[in-house]
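Participant: Have a look at the structure that comes next, please.
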Amino acid sequence: MSISEQDWQAAVDAIAEAEVAVISCHVHPDGDALGSALALHRALANAGREALVSFSEPFVVAPHYRFLAGLDRLVPPDQVPEHADLFLCFDAGSLDRLGSLVDAFQGAARTVVVDHHASNTRFGDVNLIDAASPASAVLCRELLRRLGLPLDTEIATALYTGLVTDTGRFQYQATTPETHQLAAELLAAGVQQYEVAKAVFETNDIGYLRLVADALGRITQVPEASLVWTRVDLADLAAHGVDMDETEGLIDLVRTDGSSDVAAVLKQQPEGGYKVSLRSKGATDVGRLATSFGGGGHKYAAGYSTDLDAEAVVAALVAELTGAPANAPVG
């Protein structure tokens, strides 16, 4: 890992010295963010340490992660203390990703950021950042080891959920031999791997499947940019009774287009504009691409938000990918 021993020790000391620790993650938490936060909270609770775990509004756990133990211990964000001894957050690449908990983070006596995004802005007092790590759950496991906090089945399941989701079921480029060794350790601790896989990858509402049919029906290739894209509009959500959080896996279908290196899914936002999810098969650094639009992420998986309409979003992506003017026609 690229994290220094000094930074690891600073994080361990900060946690050890805190009477009350707040543990959180980014807004709209995915399996890695939520799993890591729940794992650390459970480990501290098992050791008799006082801590609370929360995340920003909208304070809703996506359906795919509602099998995780410990959700009943989540504290609504308006109950998070404004001046905690310690605020530790997982998987947040920048301060704004904490949403309504930004003030609580800034008001804490000590802050620790644990993350694996290359674009992380290092906004904590202590920053455990390793862009080569395939998941924040990997860093969480190492933190638990250094704290001397043992695994149990609940902790292992939370960490495994983070690991399996952020590695795309161990198929993404960041997966290493050590990734599989960690998976083996977690399975040995009692994880029922098929129960996790079934909940996360094999359980969808029929409305979501119909929404996917609509979204794939409008999928578009832009060959000159090696780009394939589609969009999800608010009207799609209303028509099929689906929340936007449930569309997280759509990008993995879009990226299977064999003719394109870059995949994009545009998700319309209630306040206007779109959130854009990007994936690359290897030839394009979409983390750098997203950063150019004010977002961030990893080399092969990233995203950003924009006020542009869908046509303008795609035109801007094509311009960045090809060097053509942004007002050029989009195929």
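Participant: For the range 139-248, calculate the relative contact order in percent as a whole number, restricting contacts to Cα pairs under 8 Å that are 6 or more residues apart. Could you put the intermediate results ahead of the total?
Facilitator: Details: 63 pairs, mean separation 22.4, N = 110.
Averaging sequence separation for qualifying contacts and normalising by length gives 20 percent for the range 139-248.
Participant: Dipole magnitude of the chain about its Cα centre, charges +1 at Lys/Arg Cβ and -1 at Asp/Glu Cβ only, in debye to the nearest 20?
Facilitator: Dipole magnitude for the chain comes out near 660 debye.
Participant: At a threshold of 8 angstrom on Cα-Cα distance, excluding pairs fewer than six apart, so keeping six or more, what relative contact order does the chain reach in percent?
Facilitator: Numbers: 650 pairs, mean separation 45.1, N = 331.
Contact order relative to length: 14 percent.
Participant: Shape of the range 206-322 from its Cα gyration tensor (a ≥ b ≥ c, root eigenvalues): rounded if a/c is under 1.5, otherwise prolate when a/b > b/c, or oblate?
Facilitator: Prolate, because a/c is 1.5 or more and a/b exceeds b/c.
Participant: With charges only on Cβ, +1 for K and R and -1 for D and E, what is the dipole size of the range 206-322 about its Cα centre, in debye, rounded to 20?
Facilitator: Charge dipole of the range 206-322: 320 debye, to the nearest 20.
Participant: Does the chain come out rounded, prolate or oblate, given a ≥ b ≥ c as the square roots of the eigenvalues of its C-alpha gyration tensor, rounded meaning a/c under 1.5 and, failing that, prolate meaning a/b above b/c?
Facilitator: The shape class here is prolate.
Participant: Lys/Arg Cβ at +1, Asp/Glu Cβ at -1, dipole of the range 206-322 taken about the Cα centre: which of Pro270, Gln221, Ala238 is farthest positive-ward?
Facilitator: Selected residue: Gln221.
Participant: What percentages make up the Cα-Cα pair-distance distribution of the range 89-175 when the bins are 5 Å wide from 0?
Facilitator: 3, 14, 22, 22, 19, 15, 5, 1
Participant: Going by how many other beta carbons lie within 10 Å of each one, how would you line up Tyr172, Tyr304, fewest first?
Facilitator: Tyr172, Tyr304
Participant: Which peptide among 111-121, 182-192 comes first, and what is the full order, when sorted by highest mean count of other Cβ atoms within 10 Å?
Facilitator: My ranking of the peptides, most packed first, is 111-121, 182-192.
Participant: Restricting to Cα pairs below 8 Å that are 6+ residues apart, what does the relative contact order work out to for the range 5-201? Please round to a whole percent. Don't skip to the end; give the middle numbers.
Facilitator: On the way: 377 pairs, mean separation 47.5, N = 197.
Result for the range 5-201 is 24 percent.
Participant: Ranked by Cβ crowding within 10 angstrom, fewest neighbours first, how are Met244, Met1 ordered?
Facilitator: Placing the least packed residue first, the sequence is Met1, Met244.
Participant: What does the highest-first list of 197-206, 276-285 look like by mean Cβ count within 10 Å?
Facilitator: Working: 197-206: 13.9, 276-285: 19.9.
The most tightly packed comes first, giving 276-285, 197-206.
Participant: What ranking do 219-230, 71-82 get when scored by the average of other Cβ atoms within 10 Å per residue, highest first?
Facilitator: 219-230, 71-82
Participant: Using the 10 angstrom Cβ neighbour count as an exposure proxy, how do His28, His180 rank, fewest first?
Facilitator: Values: His28 18, His180 13.
Result, fewest neighbours first: His180, His28.
Participant: Looking at the chain, how many pairs of lysines come closer than 25 Å at the Cα, when each pair is eight or more places apart or spans two chains?
Facilitator: 5
Participant: If you don't mind, there's one more thing I want to ask. For the range 5-201, just say rounded, prolate or oblate: build the C-alpha gyration tensor, square-root its eigenvalues into a ≥ b ≥ c, call rounded for a/c under 1.5, and beyond that prolate if a/b exceeds b/c, oblate if not. The partial results should precede the final answer.
Facilitator: Numbers: a/c = 1.42, a/b = 1.33, b/c = 1.07.
Rounded is the answer for the range 5-201, as its axis ratio a/c remains below 1.5.
Participant: Find out how many positive minus negative residues lie around Ala45, taking Lys and Arg as positive, Asp and Glu as negative, among other residues whose Cβ is under 14 Å from that of Ala45. Show your work: numbers first, answer last.
Facilitator: Working: positive: Arg42, Arg49, Arg73; negative: Glu50, Asp72, Asp152, Glu154.
That sum, taken over residues with Cβ under 14 Å, equals -1.
The numbers here are math on the coordinates, done by the rules we state, and not lab data. Predicted model, so just to flag it, every value in this text is computed and none were measured. FYI the Cβ positions are ideal-geometry reconstructions off the backbone, even for glycines, and counts take in every protein chain you see.
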